[in-house]
Every structure is written in structure tokens, then in C-alpha cells.
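Everything below concerns the one structure shown next.
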Amino acid sequence: MGRVGRRVFSILLAIAPAAAPAQSESLPHLARSGNRHALIVDGAPFLMLGVQANNSSNYPAMLPKVWPTVRQLHANTLEIPVAWEQIEPVEGRFDFSWVDLLLSEARANNVRLVPLWFGTWKNTNPQYTPEWVKRDTKRFPREIKPDGSTYWVMSAHGRSTLEADKHAFAALMSHIRKVDPQHTIIMVQVENETGSYGIPRDFSPEAQRLFAQSIPAELARRVGKSGTWSQAFGPTADQAFNAWHIARYVDEIVAAGKAELGLPMYVNASLTDPFTLDGVEHGASGGPNWNVIDIWKVGAPHVDVEAPDIYTAEYPKYAKYIEHYRRTDNPLFIPETGNDSGFARFFWLALGNGTIGWSPFGMDATGYFNHPLGAKELDAATLGAFERKFALIAPIARDWARLAYEHPTAGFAKPEDASDQSAVLGRWRITAKYGFWQFGLEEWAKSRTSPNKELPVGGAALIKIGPDEFLVAGSDIRLRFALDKPAAGENSQFLAVEEGTFINGEWQMARRWNGDQVDYGLNLASPTLLKVRLGTYR
Ligand code: DGJ
């Protein structure tokens with residue numbers, strides 16, 4: 001918008017009737033305060049306790065096998081595919097009956113939705129494009145391998161593929177605008193794990209021509225590099241080039257969708273090892289992997305969130321992915337994580353890192369299990385590991401989201417060696433300890449013989465709601481609080497430890513913890529919510 005246009009626009013805003021801005025305020029959106037983020041739904045922060053259905057659960061006959069799991073897990077949001085092949089089986093003829101059914105059943109189940117737009121790329125491949133797209137490789141070109149043969153993956157340089165995908169996605173968003181005035185749909189995923197496995201990018205003549213050029217000026221400014229792709233990015237040039245072109249491609253689709261309905265939109269990443277650049281081109285090269293977030297930020301300014309799909313249950317890697325994606329310019333959102341019980345403890349870590357949502361994948365009763373990425377089966381123990389945590393937080397998800405948006409937070413999850421962890425919030429150092437019985441000092445040999453010591457369980461999330469006050473949620477963990485830098489002779493103590501919950505936004509105490517319940521630290525066995533007030537004495 002030019003200067004004159006901007007002025008006219010702000011005058012218009014100033015004189016617009018109250019109803020006009022209220023409409024866009026009620027639209028789900030992302031908000032930022034310093035380095036904290038919130039997903040605003042119905043005008044207030046919303047914590048997404050998500051589950052993602054299996055890939056082929058996007059048909060009406062499957063929904064009876066989806067909702068019981070959603071309900072059992074106390075999820076407040078279902079992520080589920082809406083495939084291009086499904087809504088546009090014949091070019092130009094749209095069928096939104098799946099979306100309509102999803103909306104009405106989600107409302108009946110009191111659950112919000114995140115549709116997953118499976119279009120040009122799904123785990124990089126074009127399997128979800130309509131048959132008329134799959135068949136026509138002239139109009140919808142695939143990548144070309146270095147030897148000149150055709151590769152499976154769609155080229156990011158296929159203008160007509162982009163136009164067709166964009167057209168379908170815009171039609172979907174336009175339909176949602178008409179049928180979802182209450183915003184049951186709160187966010188939209190665009191494409192799924194984009195990139196290219198096997199070869200790092202398209203090697204067609206057009207791609208080769210672009211690859212030989214200088215990197216775009218806006219990218220050069222952002223990453224502080226210049227020259228051709230090879231000069232600027234060296235060994236990761238192919239990946240950087242593909243990331244740029246896929247980001248530009250996806251951005252156009254997102255922008256067209258938002259022009260119909262401006263919901264928050266995100267992209268999800270298939271991840272490579274978070275500690276090394278070795279092998280990044282052998283992952284989903286070009287997708288929003290942790291090392292190319294900046295390229296995506298410049299190339300896809302309409303995308304609100306780059307989000308990691310985390311399928312490692314190793315603590316150091318999980319924590320590192322969170323570190324990569326939790327940024328001032330990027331809300332932390334984990335749209336997929338493993339559904340084996342060992343992943344459940346990372347809910348606490350994500351929560352304590354201010355995530356706007358966390359969603360285990362493959363949570364339905366259709367009988368498919370993505371082991372070894374996820375669980376072998378969803379037996380009672382596996383589901384229970386997730387269910388008990390969501391059950392604690394679901395009734396207070398709005399309170400948690402609001403407080404976590406307003407105050408500093410910290411999170412823990414048990415590392416493989418069960419060693420202590422600590423975090424400093426204000427003047428307090430909180431230490432997390434694992435594998436202890438609820439009773440007994442650390443120095444008592446028998447106090448650390450709990451069978452939990454060997455299990456991948458345990459974690460906690462904390463919000464510092466006042467100078468000396470914390471909201472604490474966690475399970476299978478012992479927490480100790482102490483002054484981080486005590487003055488000489490200054491000691492710390494609990495003033496009050498209250499177990500309770502929020503009712504209508506107000507804290508309701510069920511009981512005070514004292515005696516055995518505080519003498520050995522705060523031992524949270526099953527998921528527990530506490531409000532802790534600390535003090536000092538000399
Ligand atoms: C990540 C993808 O995004 C999901 O759609 C699914 O394919 C899982 N991997 C594996 O089950």
C-alpha cells in the first residue's frame with residue numbers, strides 16, 4: 001500500500017463501525033508479547049491440546065474411529081487431512097462434503113479443527129494430488145534428476161502446478177469462510193513436510209539456469225551472504241535453493257488462501273539431526289528444516305509458523321529442536337510428535353517452552369501404527385500416558401495459555417541418564433530430579449530406587465506468575481526450589497503449596513501440601529497442578 005493508500009486506510013479504520021474490526025478480532029490469530037506467543041481463539045489465548053489422525057483417516061467412514069480417541073485423550077483440537085484429490089477429483093469441480101461433515105462432527109464433539117492441506121507435497125511426494133495432476137507431467141512437471149531422467153517429486157518451478165494448487169486451496173478457504181463463521185477451524189497447515197528426498201532439488205534446465213544466478217537481494221540481506229547459490233551457501237547450496245523456491249511457491253498458496261480467510265497458517269518440517277549440518281541435503285531438502293528457517297522466513301512472509309514434526313524421543317535432540325524453532329519471530333508449535341508413551345513426557349517440556357500447541361500423531365482407532373516412529377499399538381498404557389496429562393490441563397487450558405503468554409515459563413523432561421536439570425526464573429532456581437520415591441531425602445540410598453528411574457517418564461512445566469509464585473504442572477518428577485544467588489544467611493522456604501485447579505478463571509485450592517508432601521521436595525507422581533508461594537528467612 002502506498003503512502004496515500006495507507007492514510008486513507010487508517011482514516012477508514014478510524015471511522016469504521018465497531019462491527020468491522022470486531023469481525024477480524026474474532027478471527028483466530030497469533031499474538032506476540034516480547035518473545036512470548038499466543039494463539040488467540042475467540043479473543044483469548046488458546047492452548048492446543050492436539051491429536052493428529054492417521055493419513056488416510058480423512059473419509060466419513062473413518063470418523064467413528066477418530067472421535068472416541070480424541071475424546072478419550074481430552075484433546076481440544078483435531079488435526080486431520082483435507083486432500084487436494086478429495087476436494088477436486090475433477091478439475092474445476094469442487095466437493096467440500098468432507099469439510100462440511102468434519103465441521104459438524106467437530107462441533108458436536110466440542111473440538112476445534114486444523115485441516116492439513118495435502119497438495120503438491122506430502123512428505124515431499126505428490127501422492128495426494130488429483131489423478132488429473134498425477135497423470136499430466138507436461139503440465140505439472142516433476143523434478144529432473146542430474147542424469148536427465150524424471151523424478152517422483154513435483155518441481156518447485158512448475159508454474160501451472162502452483163496455479164492449480166493455489167486455485168484449489170483458495171477455493172477451500174473460500175468455502176470455509178462461508179460455512180465456518182464460528183471458527184471451528186482455528187489454523188491451517190499448508191502442504192505437508194515439503195522438500196525432496198533422494199535428490200536435493202530439481203535439476204531441470206530451468207532450475208539449472210536459476211541456480212547459476214545470484215541469490216535474491218532480500219535473501220542476501222537477511223542471511224548476510226551474496227553471489228550465486230553455490231558461492232553463498234557452499235555445501236548446502238542445493239538445499240538452500242530448493243528451500244527458497246518451495247518457500248516462494250508455498251507463500252503464494254498461503255497468500256491466496258488468506259485473501260479468502262485470514263486464518264493462521266503454518267508449514268511443518270521433516271527434520272534432520274539438530275546438532276549437525278551433515279546430511280541436511282539427504283533429508284527433505286528444501287522443507288522448513290531447522291537450518292533454513294531464515295530462508296523460509298524471507299521467502300514465505302505469509303506463513304505464520306515454521307513447525308517441527310518431532311519423532312525422536314531422545315531428550316537432547318527433542319530439546320534442541322525446541323530451541324531451534326522457539327524464536328521471537330516464530331511461535332513454538334509442535335504439530336506432530338510420536339505417539340509412543342516415551343514421547344508423552346515432552347508435553348511438559350513443550351508447555352514450559354511456551355508452545356501454542358502440541359499434538360501426537362496417529363491418534364485414532366483405524367488400526368494403523370507408524371512404529372518404529374511411534375507406538376506399536378495404542379494400548380491402554382500408551383494412551384494413558386497422554387490422556388492423564390491432557391486430562392489435567394484440558395479444563396484449565398485457557399488459564400494456562402493466558403498465564404504462559406503473560407509470564408516467564410520453564411519446562412523439563414527427563415533425560416536418558418535421569419540426571420538433574422535446572423532452570424532459573426527470577427531469583428529462584430528450580431531443580432528437577434528423576435527416579436525418586438515420593439518420600440525420602442536425596443542422600444538416603446533407598447530414596448532413589450523407584451522403578452521410574454529407568455523409564456522414559458517425568459517432566460514439568462512452570463509459569464512464574466508472581467515474583468515468588470509459580471504455577472507448576474508435571475508428573476513423575478521431584479522439584480526443588482531455592483534462591484539462585486542467596487545472600488549470606490538467606491534461606492528459602494515454602495510459604496504455601498496448594499494443590500488445585502482454575503474454575504472460571506479463579507484458582508480453587510483443593511488442599512495445602514505440607515509435612516511429607518513438601519519435606520522431600522515437591523514430588524509430582526501422577527499429573528498434578530500446584531500453586532507454589534516461596535519466601536526467605538534469615
Ligand atoms: C510425518 C508426516 O507429516 C505424517 O503425515 C506421517 O507420514 C508421519 N510422518 C509418519 O507416520
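Every read-out reported here was derived from the displayed coordinates using simple, explicitly stated rules and does not represent laboratory data. None of the values given here were measured: they were computed from a predicted structure. Neighbour counts run over all protein chains shown; Cβ positions are idealised from the backbone, glycine included.
Rounded, prolate or oblate, given the Cα gyration tensor of the range 413-537, with a/c below 1.5 counting as rounded?
Values: a/c = 1.61, a/b = 1.20, b/c = 1.33.
Judged from the Cα gyration tensor, the range 413-537 comes out oblate (a/c at least 1.5, b/c at or above a/b).
Charges only on Cβ, +1 for Lys and Arg, -1 for Asp and Glu: so what's the dipole of the range 288-346 about the Cα centre, in debye to the nearest 20? Don't skip to the end; give the middle numbers.
On the way: 6 positive and 9 negative charges, 36 e Å.
The calculated dipole for the range 288-346 is roughly 180 debye.
Could you run the Karplus curve 6.51 cos²θ - 1.76 cosθ + 1.60 with θ = phi - 60° over the range 483-493 and give me ³J(HN,Hα) per residue in whole Hz, x for Gly and Pro?
Taking θ as phi minus 60°, the curve returns 4, 5, 10, x, 6, 4, x, 8, 10, 10, 7 Hz for the range 483-493.
Where does helix 159-179 land angle-wise versus the long Cα axis of the chain, in degrees 0 to 90, nearest 10?
Once rounded, one gets 50 degrees.
DSSP beta bridges in the range 299-447, what fraction antiparallel, as a percent rounded to 5? Can you show the working numbers first?
Working: 6 of 10 bridges.
So the antiparallel bridges amount to about 60 percent of the total.
When only alpha-carbon atoms are used, what values of Rg and Dmax, in angstrom, describe the chain?
When restricted to the Cα atoms of the chain, Rg and Dmax are 24.6, 80 Å.
Could you give log10 I(q)/I(0) at q = 0.22, 0.27 Å⁻¹ for the range 71-146, computed by the Debye formula over C-alpha point scatterers of equal weight, without solvent?
-0.99, -1.23
Could you tell me which trypsin sites (Lys or Arg not before Pro) in the range 330-389 are loop residues by DSSP with no more than 11 other beta carbons within 10 angstrom of their beta carbon?
Details: sites: 345, 376, 388, 389; in loops: 345, 376.
Sparse-neighbourhood loop trypsin sites (Lys or Arg not before Pro): 376.
Once you charge only the Cβ atoms, +1 for Lys and Arg and -1 for Asp and Glu, what is the size of the charge dipole of the range 162-275 about its Cα centre, to the nearest 20 debye?
With Lys and Arg at +1 and Asp and Glu at -1, about 340 debye.
Rounded to the nearest 10 degrees, what's the angle between the helix 315-325 long axis and the longest principal axis of the chain, both from Cα atoms, 0 to 90?
Value to nearest ten degrees: 60.
Among DSSP beta bridges lying fully in the chain, give the percent that are antiparallel, nearest 5. Please list the in-between numbers first.
Numbers: 61 of 89 bridges.
Antiparallel: roughly 70 percent of the beta bridges in the chain.
Kindly provide the helix-only [θ] at 222 nm of the chain, computed as the sum of -39,500 (n - 2.57) over DSSP H runs of four or more divided by all residues, to the nearest 500 deg cm²/dmol?
On the way: 17 runs with 165 residues, N = 538.
Dividing the helical sum by the residues of the chain leaves -9000 deg cm²/dmol.
In angstroms, what radius of gyration and Dmax does the range 289-339 have, counting Cα atoms only?
Rg then Dmax for the range 289-339, in Å: 11.2, 33.
Could you calculate the FRET efficiency of residue 91 with residue 30 from 1/(1 + (r/R0)^6), where r is the beta carbon distance between them and R0 is 41 Å, rounded to 0.05? Don't jump to the answer; show the numbers that get you there.
On the way: r = 34 Å, r/R0 = 0.83.
Here the calculated transfer efficiency is 0.75.
Subtracting the Cα-Cα distance from 0.36 nm times the residue separation, let me have the gained length for residue 221 to residue 441 in nm, one decimal.
Working: separation 220, 0.36 × 220 = 79.20 nm, distance 5.58 nm.
Separation in residues times 0.36 nm, less the Cα-Cα distance, equals 73.6 nm.
With +1 assigned to the C-beta of every Lys and Arg and -1 to the C-beta of every Asp and Glu, and no other charges, what is the dipole magnitude of the range 413-537 about the Cα centre in debye, to the nearest 20? Write out the running numbers ahead of the final one.
On the way: 15 positive and 16 negative charges, 17 e Å.
So the magnitude is around 80 debye.
Could you name the lysines whose alpha carbon sits less than 30 Å from that of residue 433, not counting residues in the same chain fewer than 8 places away?
Residue 433 reaches 317, 320, 376, 389, 414, 446, 453, 464, 485, 531.
On a 0 to 90° scale, report how tilted helix 237-260 is relative to the longest principal axis of the chain, with both axes built from alpha carbons and the result rounded to the nearest 10.
Its long axis makes an angle of about 90 degrees.
How long is the gain from residue 273 to residue 107 if the chain were fully straight, where each residue apart is worth 0.36 nm and the alpha carbon distance is subtracted?
Working: separation 166, 0.36 × 166 = 59.76 nm, distance 3.90 nm.
Full extension of this stretch gives 55.9 nm more.
How much length is gained on full extension from residue 508 to residue 538, taking 0.36 nm per residue of separation minus their Cα-Cα distance?
Numbers: separation 30, 0.36 × 30 = 10.80 nm, distance 3.15 nm.
Stretched fully, the residue 508-residue 538 segment lengthens by 7.7 nm.
Considering only the range 78-194, what is the antiparallel percent among its DSSP beta bridges, to the nearest 5?
On the way: 4 of 14 bridges.
So the antiparallel bridges amount to about 30 percent of the total.
For the range 258-318, restrict the atom set to alpha-carbon positions and state the Rg and Dmax in Å.
That works out to 13.2, 41 Å for Rg and Dmax.
When you count, for each residue, the other Cβ atoms within 10 Å and take the mean per peptide, how do 27-40, 66-79 rank with the highest first? Mind showing how you got there, number by number?
On the way: 27-40: 16.6, 66-79: 21.3.
Ranked by mean Cβ neighbours within 10 Å, highest first: 66-79, 27-40.
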